[in-house]
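Input: a single structure, listed below in structure tokens.
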Amino acid sequence: MTARQIADLVDGELIGSAGVDLVSAAPVRKALPDQLSFWQRGHANDQLPETRAGCVIVDERTQAPGITLILVHDPRRAFAKALRAIFPCEAIEWSAATSADISSSASLGPGVSVGAHAVIGAGAAVGEGTLVGPNAFIGPSAVVGNNCRLHPGSKVYGNARLGDRVVLHAGAVIGSQGFGLVFADDHYELFPQMGGVRIGDDVEVGANACVDRGTLGNTVVGSGSKLDNLVHIGHNCQIGSHVVMAAQVGLSGGVVVEDYAVLGGQAGIGERAQIGARAQLGGQTGLLPGKRLDAGGSYWGTPARPLREQLGRQARVGRLPRIFAEIRRLRARIGNLEDH
Amino acid sequence: MTARQIADLVDGELIGSAGVDLVSAAPVRKALPDQLSFWQRGHANDQLPETRAGCVIVDERTQAPGITLILVHDPRRAFAKALRAIFPCEAIEWSAATSADISSSASLGPGVSVGAHAVIGAGAAVGEGTLVGPNAFIGPSAVVGNNCRLHPGSKVYGNARLGDRVVLHAGAVIGSQGFGLVFADDHYELFPQMGGVRIGDDVEVGANACVDRGTLGNTVVGSGSKLDNLVHIGHNCQIGSHVVMAAQVGLSGGVVVEDYAVLGGQAGIGERAQIGARAQLGGQTGLLPGKRLDAGGSYWGTPARPLREQLGRQARVGRLPRIFAEIRRLRARIGNLEDH
Amino acid sequence: MTARQIADLVDGELIGSAGVDLVSAAPVRKALPDQLSFWQRGHANDQLPETRAGCVIVDERTQAPGITLILVHDPRRAFAKALRAIFPCEAIEWSAATSADISSSASLGPGVSVGAHAVIGAGAAVGEGTLVGPNAFIGPSAVVGNNCRLHPGSKVYGNARLGDRVVLHAGAVIGSQGFGLVFADDHYELFPQMGGVRIGDDVEVGANACVDRGTLGNTVVGSGSKLDNLVHIGHNCQIGSHVVMAAQVGLSGGVVVEDYAVLGGQAGIGERAQIGARAQLGGQTGLLPGKRLDAGGSYWGTPARPLREQLGRQARVGRLPRIFAEIRRLRARIGNLEDH
């Protein structure tokens, strides 16, 4: 695509050579004359670095004489859009295989591709255009929507229903048994886990992440939510739409996370805790069972506290050496007074 | 089953319609007239909510005119027992497959079912009634007991021996190589890992959890212990019976956990640390290498401290603003005294 | 092997019976007369315990009359070397299988062994002597070096290139899509992830660990680095050589870890943070986005601080009860002074 075509695509203002042909993309410091790049004002240095890129998408205040620029409001978003256009279909890494084990009673929509050694159980339904990777597993009666992508070794139990355009990365598990125990005199018995999982549209579940089935009702992940690698979602969690969880986040059973909340990596949430809409939790935050975080707030630490309060606590501990010294001085002054 | 039959099963006192027929179960707020439910006194509201459930299992002090009740000592446990009776066999999600790859020298007990594309190595022994899921792996010479359930994609290396009724959830790995390194001048060499894993009866290992083999001796998980999803057990850990570990707990090498200990989610235990019997660790607790926690205690925080002590420390940090103000006041009073 | 042969192998001084034959190895307290063991000065007890071992590798200062000893500088390293010699080839737990699904355009070096139900995609290259485990996946165009070992169910996407002698443990995922999101008005869109993964020689990746592909450039893991189970490496991380990460460590996108750094279990590293060479991070350390830790330092806590500073902070919080009491005493003394 030419710089002009990309500028039109992202609704940006072109400055420079409209005709330069861009065949791929690269970071701004490494890009070559036939590559597109982007740049946005950073932390330390507000200068667009020297670049050989054929064209750079930048924000509207940027100037760089001699470089072909496309000015936009949000360079990163525009660049992402351009990338999707330049490379419209990421190459599929697996293809239809005769070695898959597909139940005769499973229903596959048009354009479904099933990889080698994948397994699709009795009565399962797989929607149009969905790709089922090698060694993936779809249990009996599971429902997978249209245009989903189940990466190699991902697993969907029969209790699960997935919406459209859901992506399960390699090794992800949907519908595994929840961790419900009943202590009986001197040992634990399992609390039967009979519910399912309901996953909306446009959800991503990271590699080796796990979403447990509900005990009686369903575990729910709302449309547009994105879960990173190695995330754990306990039984009966109710996750809203457009929620983001970074890698290794863990939710105990029955947690409620409202729309647009963002959980930093390794955050851990206790049973039946609630996280309000658009709340933001820093990495490694620990929220105690049954607690609620207000919508829109920023939180950090274990136990989770409003970010400002948490920073205040840390700063106060940092002041303790001076406080201890001050107390010693006061004691000396009192001693002096007492001696007189 | 009728309410009368369930009352007899759980040894409870029936109040109301003995003959109501219960075909399934649901949470108390959602249950329909042909569904069983349970309710126990909760945190905020001690009133049994309005329900359409055909029958509710409750504790002995509960009254609810017009609702068919079964009074018991432990409603949750009784409900679990009733569920197991109403739904005696959870549907198996995989069935015997010709596409499995079973060594001719493997020994399979009666009633063993092996899912599609599973692999069972030479000399492996799989006990009576055990279900081996699709894409599961049992290494050469591994021993798996009776009535185990190996979920899709779970893996048992040849160095492992599993007792009876062991459940490995999807993607769990038993017997992977431990993380033993020897620094040699300018690089790491592996310390050979030659031991195995011994898993008792009635153990559960969660989805994508990992139990490493011992270095020379064995890694041991005692009977009745329950490990949730994404747990990591390092080489040579000695885990007692009826130990519970919530999701994402991690144990370094050589950790000892005694019977009935409970580890909250994301707790991390350093090398060769010891956790006494029935000790309880809060979520995200970090226990330093070589430390020991006393039996029966409750612990929290990093480094792990007795819960009461940990809460005291947190409370004291919370009092610092008032303390700082008090010091300012004292300083002023001293100044006044000095001025006279 | 005889004690003499082992002493020669590890370049140690033999004291005792040169001819004793050693057929296996065990911990010093459990070893039998035909077993080799090792012992090094420990934390509590500097006495070599009573042992029946046929031969014990010890450090140069150790004396133990009546026991055959091999004196060396580093007993653990010498023992590891001896083990590798006594058991030169750990038994391979899988063997070549006709049920593997190997693309006709894949290129396999001499001595490659592919396990049951493994999948090797079009154009992939697998080097000499490499073992591909059951249900493992190698994507189209992936490059795997010589003498690698891909354990059961491990996955290498087509964007990845692995050096020689790389070990992927069961369920490990190399080249999964990174977690790059663009917020677009009211939902998230994926930032296209088009880079790859480059893994050097002699790297280990633990069971169910994940290494994401780069966004535009590559995610890099340098030669000799060792990643334990359930580790997460985000997109575009640049990990040096001989880096060690214990289990459940998580790195966000764009993190730089220099050579010989050591990260304790469950440490979490924020986006674009940097860890200097040979830095050591304690377990559960949390490093904030964009921060840098100096080379060679020891760090702990969240937020990460120099170890000594972190310990000082903890000690000061521990002194607060005494400080509060002191303030009460000072207040009383001031009151007394004021009353006069």
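The values are calculated or read from the model by the stated rules, or taken from the named source; none is laboratory data. Predicted, not measured: the structure shown is a model, and the values here were computed from it. Note that we place each Cβ from the backbone using ideal geometry, even for glycine, and neighbour counts take in every protein chain shown. SASA here: full protein model, heavy atoms, side chains in, ligands and nucleic acids out. Shrake-Rupley method; radii C 1.70, N 1.55, O 1.52, S 1.80 Å.
Taking the stated definitions as given, is residue C:298 in contact (Cβ under 8 Å) with a residue 12 or more places away in the chain, surrounded by fewer than 22 Cβ atoms within 10 Å (Cβ to Cβ) and of a type in the set (Ser, Thr, Tyr)? Yes; evaluated as a whole, the condition is true for this residue.
Filtering the stretch A:177-221 to residues that are surrounded by 24 or more Cβ atoms within 10 Å (Cβ to Cβ), away from chain B (no Cβ under 11 Å) and among the hydrophobic types (A, V, I, L, M, F, W, C) leaves A:197, A:199, A:203, A:205, A:221.
Across the stretch A:150-176, the qualifying residues are those that are more than 10 Å from chain B (Cβ to nearest Cβ) and surrounded by fewer than 24 Cβ atoms within 10 Å (Cβ to Cβ), and the one among them that is farthest from residue C:193 (Cα to Cα) is A:161. Given the conditions (1) more than 10 Å from chain C (Cβ to nearest Cβ); (2) surrounded by fewer than 24 Cβ atoms within 10 Å (Cβ to Cβ); (3) closer than 17 Å to residue B:236 by Cα, report the number of the one that residue B:225 does not fulfil. Condition (2) is where residue B:225 drops out. Exactly one residue out of B:185, B:228, B:202, B:212 is touching a Phe, Trp or Tyr at 6+ places or on another chain (Cβ under 6 Å) and among the charged types (D, E, K, R): that is B:228. Of the residues contained in the stretch C:47-57, one or more are found to be modelled with pLDDT of 85 or more and of a type in the set (D, E, K, R). Scanning the stretch A:275-318 for residues that are part of a helix (DSSP H, G or I) and farther than 19 Å from residue A:249 by Cα yields A:308, A:309, A:310, A:311, A:312, A:313, A:314, A:315, A:316, A:317, A:318. Scanning the stretch C:7-39 for residues that are within 16 Å of residue C:76 (Cα to Cα) and among the basic types (Lys, Arg) turns up just one, C:29. Taking every residue in the stretch A:252-279 that is under 19 Å from residue B:244 (Cβ atoms) and pairing it with any residue that is crowded, with 24+ Cβ neighbours inside 10 Å and among the hydroxyl-bearing types (Ser, Thr, Tyr), at least 6 positions away or on another chain, the pairs with Cβ-Cβ distances below 7 Å are A:269/A:252; A:270/A:252; A:271/A:252.
Within the stretch A:235-260, the set of residues being closer than 20 Å to residue A:180 by Cα, open to solvent by less than 30 Å² (accessible area, probe 1.4 Å), in a loop (DSSP other than H, G, I, E, B) and small (Gly, Ala, Ser) comprises A:253, A:254.
Could you list, in sequence order, the residues of the stretch A:140-155 that are assigned to a strand (DSSP E or B) and more than 20 Å from residue A:110 (Cα to Cα)? The answer is A:155, and nothing else. For the stretch B:151-188, which positions are small (Gly, Ala, Ser) and either free of Cβ contacts under 8 Å to residues at least 12 places away in the same chain or in contact with an Asp or Glu (Cβ under 8 Å, 6 or more places away or on another chain) (or both)? Matches in the stretch B:151-188: B:158, B:163, B:175, B:176, B:178, B:184. Checked against the criterion of being outside any helix (DSSP H, G or I) and touching a Leu at 6+ places or on another chain (Cβ under 8 Å), the stretch A:323-337 contains not a single residue that satisfies it.
For residue C:154, indicate whether it is under 19 Å from residue A:168 (Cα atoms) and either of a type in the set (Ser, Thr, Tyr) or at pLDDT 95 or above (or both). When the stated conditions are applied, residue C:154 passes them. Can you confirm whether residue C:318 is without any contact (Cβ under 8 Å) to a residue 12 or more places away in the chain, under 24 Å from residue B:285 (Cβ atoms), more than 10 Å from chain B (Cβ to nearest Cβ) and over 20 Å from the mean Cα position of the chain (by Cα)? No: the conditions fail for residue C:318. Among the residues making up the stretch B:183-198, those that are of a type outside the set (A, V, I, L, M, F, W, C) and out of contact with any strand residue (DSSP E or B) (no Cβ under 9 Å at 6 or more places or on another chain) are B:185, B:186, B:187.
In the stretch B:263-286, is there at least one residue being more than 8 Å from every other protein chain (Cβ to nearest Cβ), open to solvent by 20 Å² or more (accessible area, probe 1.4 Å), of a type in the set (A, V, I, L, M) and farther than 23 Å from residue C:230 by Cβ? Among the residues of the stretch B:263-286, at least one is more than 8 Å from every other protein chain (Cβ to nearest Cβ), open to solvent by 20 Å² or more (accessible area, probe 1.4 Å), of a type in the set (A, V, I, L, M) and farther than 23 Å from residue C:230 by Cβ, which makes the answer yes.
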